[in-house]
Amino acid sequence: MESLPLWLLVLVFVAGAAVVWIAGIQLSKTTDVLDSRLHLGSALGGLVVLAVATNLPEIAITVSAGLSGSIEVAAGNILGGIALQTVVIAVLDAFGKRGKDVKPITYRAASLTLVLEAVVVVAVLAVVIAGSQLPPDLVVARLTPDVVLIAVIWVIGLFLVQRASKGLPWHESGHAPDASPHAAGHRTRKPDTEPMSTRKAVVVFAVSALATLVAGVVLERAGDAASSQIGLSGVLFGATVLALATSLPEISTGLQAVKQGDDNLAVSDIFGGNAFLPVLFLVATVLSGKAVLPQANASDVYLTALAALLTLVYAVGLVFRPQRRIIGMGVDSFVVVVMYLVGVAGLVAISLA
């Protein structure tokens with residue numbers, strides 16, 4: 001695609017983003033059906049299936065970058081994606097439900113289970129930072145200890161969240177008063193007038209997944225070529241434009257969930273996806289045969305720290321449940337947006353240094 005003109009690359013990128021948006025909506029709908037028909041449960045249905053499905057663009061980009069050796073783009077997309085997908089909660093807060101008496105999303109969705117999910121995200125990101133300091137030759141059987149530990153923490157986190165969703169030894173099982181009545185990670189979408197058959201759901205899910213994978217590769221190739229032509233660094237492009245495009249499934253599914261009253265689910269899907277994204281470093285390591293995290297540059301470590309900070313802001317918001325709104329969003333969401341914009345400015349400074 002390097003030989004294509006810039007305007008055509010932009011057109012291809014926008015088309016790929018549109019496919020990702022539409023396919024993301026279909027993935028959400030069919031995941032609901034499969035979760036209900038196959039009795040996958042809250043952890044598998046909400047945190048695994050949808051987390052993997054909505055992150056198919058990142059999976060496609062990681063596989064493509066790993067095979068081509070463009071580890072910089074993969075790392076920037078994954079780590080930048082976590083930071084930007086955390087900002088998606090602010091988007092859901094501002095545009096999901098509007099009205100004079102509507103409280104912020106962290107007030108409506110507050111529960112200790114969501115706080116636990118946020119802690120898992122921060123734990124995974126801490127291992128990412130630690131792994132960046134390991135020697136690059138610490139590779140055994142195309143694996144490194146840091147990516148294995150990330151995968152282990154993710155699996156343990158799923159187990160803990162599943163246990164927490166069944167009840168915690170706290171008052172009201174850890175659910176805050178006046179919060180959204182739905183349990184985190186549990187899908188409670190209103191049934192359609194004509195329910196989709198299981199066979200049709202499987203077919204639509206498979207087609208949507210394939211479309212998302214192909215669109216993800218197109219986004220990575222067209223975006224990489226366009227960023228090279230305009231002189232934008234791979235890290236900065238992956239952390240901003242590419243991360244925004246690949247976050248479209250989370251935005252589409254999240255807006256649907258919030259509008260239907262599943263505030264807990266919307267936040268849970270974001271945290272679940274963010275905890276899953278670093279697991280893709282294991283895929284990149286296996287495909288490339290190289291230690292990915294020790295090759296992380298200053299920008300990658302910076303983005304990881306930024307993502308952890310944004311996650312902690314929402315963890316605090318879920319505990320304190322602010323009711324004040326600023327520019328149509330909760331105080332915590334406003335702080336997250338400001339921190340992200342300042343963080344991007346810092347990323348630009350690092351890229352230009």
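The values are calculated or read from the model by the stated rules, or taken from the named source; none is laboratory data. Please read these numbers as outputs of a predicted model, since none were measured by experiment. A quick note on method: Cβ atoms are made from the backbone with ideal geometry, for glycine too, and the neighbour counts reach across all protein chains shown. Ligands, DNA and RNA are stripped out before the accessible areas are found, and what is left, the full protein with its side chains, is counted by its heavy atoms. Shrake-Rupley method; radii C 1.70, N 1.55, O 1.52, S 1.80 Å.
It is to be established whether one or more residues within segment 313-326 are under 17 Å from the mean Cα position of the chain (by Cα), under 18 Å from ASP146 (Cα atoms), in contact (Cβ under 8 Å) with a residue 40 or more places away in the chain and crowded, with 22+ Cβ neighbours inside 10 Å. Within segment 313-326, not a single residue is under 17 Å from the mean Cα position of the chain (by Cα), under 18 Å from ASP146 (Cα atoms), in contact (Cβ under 8 Å) with a residue 40 or more places away in the chain and crowded, with 22+ Cβ neighbours inside 10 Å. Taking segment 194-225 as the range and being among the basic types (Lys, Arg) and closer than 15 Å to VAL63 by Cα as the test, only ARG221 passes.
For segment 295-304, the condition of being farther than 20 Å from ALA94 by Cα, among the hydrophobic types (A, V, I, L, M, F, W, C) and outside any helix (DSSP H, G or I) holds for at least one residue.
All conditions but one from (1) within 30 Å of ALA164 (Cα to Cα); (2) open to solvent by less than 10 Å² (accessible area, probe 1.4 Å) apply to ALA284; the one that does not is (1). Do you know which of the residues in segment 302-312 that are open to solvent by 10 Å² or more (accessible area, probe 1.4 Å) and touching a residue at least 40 places away in the same chain (Cβ under 8 Å) is nearest to ASP101 (Cα to Cα)? The qualifying residue nearest to ASP101 (Cα to Cα) is LEU312. Of the helices (runs of 4 or more DSSP H) entirely within segment 169-277, those holding at least 1 residues that are modelled with pLDDT of 75 or more and not aromatic (Phe, Trp, Tyr) occupy 198-230, 241-246, 248-259, 263-276.
Among the residues of segment 338-353, those identified as of a type in the set (A, V, I, L, M) and open to solvent by less than 40 Å² (accessible area, probe 1.4 Å) are VAL344, LEU347. Listed by first and then second residue, the pairs with beta-carbon distance under 6 Å, at least 6 apart or on different chains, first residue in segment 259-271 and under 17 Å from GLY157 (Cβ atoms) and touching a residue at least 24 places away in the same chain (Cβ under 8 Å), second among the charged types (D, E, K, R) and assigned to a loop (DSSP other than H, G, I, E, B), form an empty list.
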